[in-house]
Amino acid sequence: MQRQYREFRDKLPADAVLFFRLGDFFEVFGKDAEVASRILGITLTKRHDQPMAGIPHHAAPTYVQKLLAAGIKVAICDQVEQPVAGKLVRRALTRILTPGTALEDSQLDSRKSNYLLALNWDKAGWHAAWLDVSTADFRLASDVTPDRLFPHLHALSPSEVILPEGLEVPDAQSELLGQLLAGRSVSRTPGWNFDISAGARLVGQTLAVHSLAGFGLEETHPALGAAGAVLGYVTDSLCDRPRNLTRLTEVRLGQSVLLDPASSRNLELFATQSGRREGSLIETLDRTLTPAGARLLARWLAEPSTDLAVIRQRSDAVAALVKHPGSSARIGESLMAVRDIPRILSRLQNRLRNPRELGGIRDTLVTLPAIREELRATPGGALKELSERVHLESALAERLNAALADELPTDLTEGGMLRQGLDPELDRLRSLASDSKAWIADFERGEQVRTGIKSLKVRYNGAFGYAIEVTKANLASVPADYIRKQTMVNAERYTTETLRTKEREVLRSDEQALARETELFHELVAEVLKSSETLYVTAMALAEVDVLRGWAELARDGDWCQPVVDDSDVLEISEGRHPVVERMLRNRPGAGAFVPNDTRLASSGEQVALITGPNMAGKSTYIRQVALLALLAQLGSFVPARAARVGLVDRIFCRVGASDELSRGHSTFMVEMSETSNILNNATVRSLIVLDEIGRGTSTYDGISIAWAVAEHLHGKLGAGPRTLFATHYHELTRLADTLPRLRNWTVAVREWQDEIVFVRRVVPGSADRSYGIQVARLAGMPPSVVARAREILSGMEKGGGLPAAANMPDVNPPPAKPMKVEKPTKPKASEQGQAELF
Ligand code: ADP
């Protein structure tokens, strides 16, 4: 066995741990055992001086999950025949589990896609292919520069990346690559795995097609190398070729709004700045009821459309559901019964077979007629196209209904998944088994009478089989023909010749019944898989229905409106609100209502909106709100506004001045500047740019100068430019309006009242003439003496007196005359807490 173990171990990479099946346990040896015990906290033992650890096989999924999360792959070596005493059992590598190739439910987040990405660079540019084997979503793309491709790859958030060994990329791009790989599991494979013609062949073989032309791909497409690398890796990992893949799609990068990672982060699309989903846009938008719907929502959000036909189709579907709340509610109810068909299919196709999941297909099929009817019957016709993609598969539904039991086990070996009356042979074997069980009950009663032992029991146990159990107190009455089998604490167990014979019979018929049932089950699965293509298409349509219905609910609850999306160059919003902040305020008791604001932008008209106002006035919220509304509109969703018109946007950029962004190991000012230059270099006249306090990361004069020059550049000298919202608290910048015809000054109004300020959150034309920094400082709980002193200094400077001379500085903090009394610290009152922390 040691030799057998070594053979398997030697074939595996060093970053994998080998789980070696030994009876009911997976054993881990040597270095693997040390790694496993460190990460899993399991006990190490020693045998022949070799460290080892054991894991009960039924608990393996949890442990595998923990190892994968720690970036360690797990190879499973299973017993592939029934063990026979005295003979070495045959074993085989059945699976190498890695983060990007998971199929098992226990290793996946049902609401997230799970991509394996292969990426390569050559003189022709970047080439990528990615696959979520759990849903058969397989795509590729090439691009000369990383500018369009990398944002897309970031948005996929791959769980694992494969690169060719020794990949060298130009210096300027290696940092981008580093950012993409950061925090992900990365594997390197020999460069020949990325060979293009070998890749084309492997794709053809795996997807069982003669030519790739059906996918619109030339056999020489440069990303086919990466596609081949993905398939090679998945095949190694499954220890078999993936059986569920049927298509490979090329992603055309210009067809969605380009959202680079920094913009996505700054707009808090998938997570807040602090990394939580709570408070992100996706959390607000997600009213889906099915896992496939949740995954589709994330994909749509990562790539809002630039195709008017797609946008309008989605938006009209939402409108129909908003208008007909009854339909929407009934569809919602039916969707509750829809199971994760894409993932269930992938598992069934790759031989992970669980009766309960087959039941999931049945339950979904049962609910389809109602969904399709409802889609068809909703007036207006906007849902008709979706209804046509829902295929009922009625024959299959009937077949599954007739064959599968109501309650299903998760494990094939438990049996009991098929109905009585389905198959005469199965019924016969089952009745044999149950007749024998009845016989045993009779036998037990008979023995009780014969021996006079009332407490005598016939028991069954997996390891020892059937036994007659007699308590110690009754041992004297045990007849001579009883054969001792096992001694317990309070009892003895026996068998007899008759019982032995019957035992063999029972076990044999049980076994035969299960074998027959398993055979029939696989036949049933094969029947289901014949329809896998239509089931998949249906599942994707249901996922769309799920997302759109969720948006309709959201729109109705939040009083959102249907935006007009066209190819004009305007962005006009009447009474717009920030979708996430509004919701937060609504859920916070005592918080005021969100104040709506209008927006008017046009590339060739009011192109640049410069928004000034004191800190805390609401500038950031406002400019992000505008970007989010444009994005929602291009998703096909309704928007939180009274009315909106969005001329197609091709890219959305959102940058925030240094001190708001968390430091990422760079000088934050450097990051701010390089991100800003990325915008200046890549924005087009169709882009939407949101800049928040750009220039803040340096000294005031530098900052103003940079912000000034950036605004001038974006405005440009031509007749049109990208629609831009520029928030700043440098009110000096408002003078730009004197020279730039398409720049407008806006301000977030504040009201002054007895030397205090009140935020009214209204965006109005004009500029803030003061920054109100001192008032805001006071609102923040600054000690009154400091506020008064600041006011004195400011007024001195405003009168042209400059900074106060050192000699004029009062003793703000005079040294104590007497040594301070040391008091026991007490918890400060809430009103003092701010001050206590300051000191
Ligand atoms: P600034 O960027 O001007 O410093 P923020 O946009 O960060 O200000 O907003 C400050 C606070 O005001 C936030 O906590 C936000 O919740 C609140 N706020 C902003 N805009 C509105 C609005 N339109 N209605 C109600 N509250 C708002």
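Numerical summary
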item	result
Conditions (1) in a helix (DSSP H, G or I); (2) at pLDDT 95 or above: number failed by Glu385	(2)
Qualifying positions in the range 579-594 - within 7 Å of the ligand (Cβ to nearest atom) and in contact with a Pro (Cβ under 9 Å, 6 or more places away or on another chain)	Phe594
Extreme residue, farthest from Arg265 (Cα to Cα), among residues of the range 595-625 that are more than 9 Å from the ligand (Cβ to nearest atom) and hydroxyl-bearing (Ser, Thr, Tyr)	Ser604
Scope the range 121-146; condition within 18 Å of Arg252 (Cα to Cα) and either of a type in the set (Ser, Thr, Tyr) or surrounded by 24 or more Cβ atoms within 10 Å (Cβ to Cβ) (or both); matching residues	Trp126, His127, Ala128, Ala129, Trp130, Leu131, Phe138, Leu140, Ser142, Thr145
Any chance Leu743 is away from the ligand (no atom under 16 Å from the Cβ) and in contact (Cβ under 8 Å) with a residue 24 or more places away in the chain	yes
Selection count where residues are among the basic types (Lys, Arg) and modelled with pLDDT of 90 or more, scope the range 429-458	4
Only one of Leu648, Leu635, Leu628 that is modelled with pLDDT of 85 or more, closer than 26 Å to Lys323 by Cα and within 14 Å of the ligand (Cβ to nearest atom)	Leu628
Flag if Glu511 is closer than 30 Å to Ala402 by Cα, within 54 Å of the chain's Cα centre (by Cα) and surrounded by 14 or more Cβ atoms within 10 Å (Cβ to Cβ)	no
Some residue of the range 226-236 being part of a loop (DSSP other than H, G, I, E, B) and in contact (Cβ under 8 Å) with a residue 24 or more places away in the chain	no
Check on Leu571, in a strand (DSSP E or B) and more than 16 Å from the ligand (Cβ to nearest atom)	yes
Flag if Trp708 is surrounded by fewer than 20 Cβ atoms within 10 Å (Cβ to Cβ) and modelled with pLDDT of 80 or more	yes
Enumeration of residues in the range 13-62 that are part of a strand (DSSP E or B) and closer than 20 Å to Glu104 by Cα	Ala16, Val17, Leu18, Phe19, Phe20, Arg21, Phe25, Phe26, Ile55, Pro56
Some residue of the range 480-495 being more than 54 Å from the chain's Cα centre (by Cα) and part of a helix (DSSP H, G or I)	no
Whichever residue in the range 259-272 is of a type outside the set (A, V, I, L, M, F, W, C) and over 17 Å from the mean Cα position of the chain (by Cα) and, among such residues, is modelled with the lowest pLDDT	Asp260
Residue selected from the range 778-796 under the condition within 18 Å of Asn615 (Cβ to Cβ) and not hydrophobic (A, V, I, L, M, F, W, C), by the criterion farthest from the ligand (Cβ to nearest atom)	Arg791
Residues (of a type in the set (Val, Ile, Thr), free of Cβ contacts under 8 Å to residues at least 40 places away in the same chain and not in a loop (DSSP other than H, G, I, E, B)) located in the range 136-187	Val186
Residues (more than 39 Å from the chain's Cα centre (by Cα), under 29 Å from Arg645 (Cα atoms) and within 15 Å of the ligand (Cβ to nearest atom)) located in the range 746-777	Ala749, Val750, Val764, Ser767, Ala768
Check on Leu88, more than 16 Å from the chain's Cα centre (by Cα), surrounded by fewer than 17 Cβ atoms within 10 Å (Cβ to Cβ) and within 30 Å of Glu7 (Cβ to Cβ)	yes
Leading residue by the ranking (farthest from Thr599 (Cα to Cα)) among those in the range 704-737 that are of a type in the set (Phe, Trp, Tyr) and within 16 Å of the ligand (Cβ to nearest atom)	Tyr730
Residue list for the range 194-208, restricted to those being farther than 14 Å from Thr249 by Cα, touching a Ser or Thr at 6+ places or on another chain (Cβ under 9 Å) and not in a helix (DSSP H, G or I)	Ala208
Meets criteria (buried (at least 19 other Cβ atoms within 10 Å of the Cβ) and assigned to a helix (DSSP H, G or I)) for Leu548	yes
Cβ pairs under 6 Å, 6+ apart, first in the range 582-596 and closer than 21 Å to Val626 by Cα, second within 11 Å of the ligand (Cβ to nearest atom) and among the acidic types (Asp, Glu)	Phe594/Glu582; Pro596/Glu575
Gly216 being closer than 21 Å to Ala69 by Cα and either surrounded by fewer than 21 Cβ atoms within 10 Å (Cβ to Cβ) or of a type in the set (S, T, N, Q) (or both)	no
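Quick grid of which residues meet (1) exposed (fewer than 14 other Cβ atoms within 10 Å of the Cβ); (2) in contact (Cβ under 8 Å) with a residue 40 or more places away in the chain; (3) more than 12 Å from Leu97 (Cβ to Cβ):
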| site | (1), (2), (3) |
| --- | --- |
| Ala36 | no, no, yes |
| Thr43 | yes, no, yes |
| Gln50 | yes, no, yes |
| Asp78 | no, yes, yes |
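Yes/no per residue for (1) within 22 Å of Thr538 (Cα to Cα); (2) at pLDDT below 90; (3) buried (at least 20 other Cβ atoms within 10 Å of the Cβ):
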| site | (1), (2), (3) |
| --- | --- |
| His324 | no, no, no |
| Met336 | yes, no, no |
| Arg353 | yes, yes, no |
| Glu373 | yes, no, no |
| Gly416 | no, yes, no |
| Pro424 | no, no, no |
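The values are calculated or read from the model by the stated rules, or taken from the named source; none is laboratory data. Bear in mind the structure is a predicted one, so any value in this text is a computation, not a measurement. Positions of Cβ are generated from backbone atoms using ideal geometry, with glycine treated the same way; all protein chains shown enter the neighbour counts.
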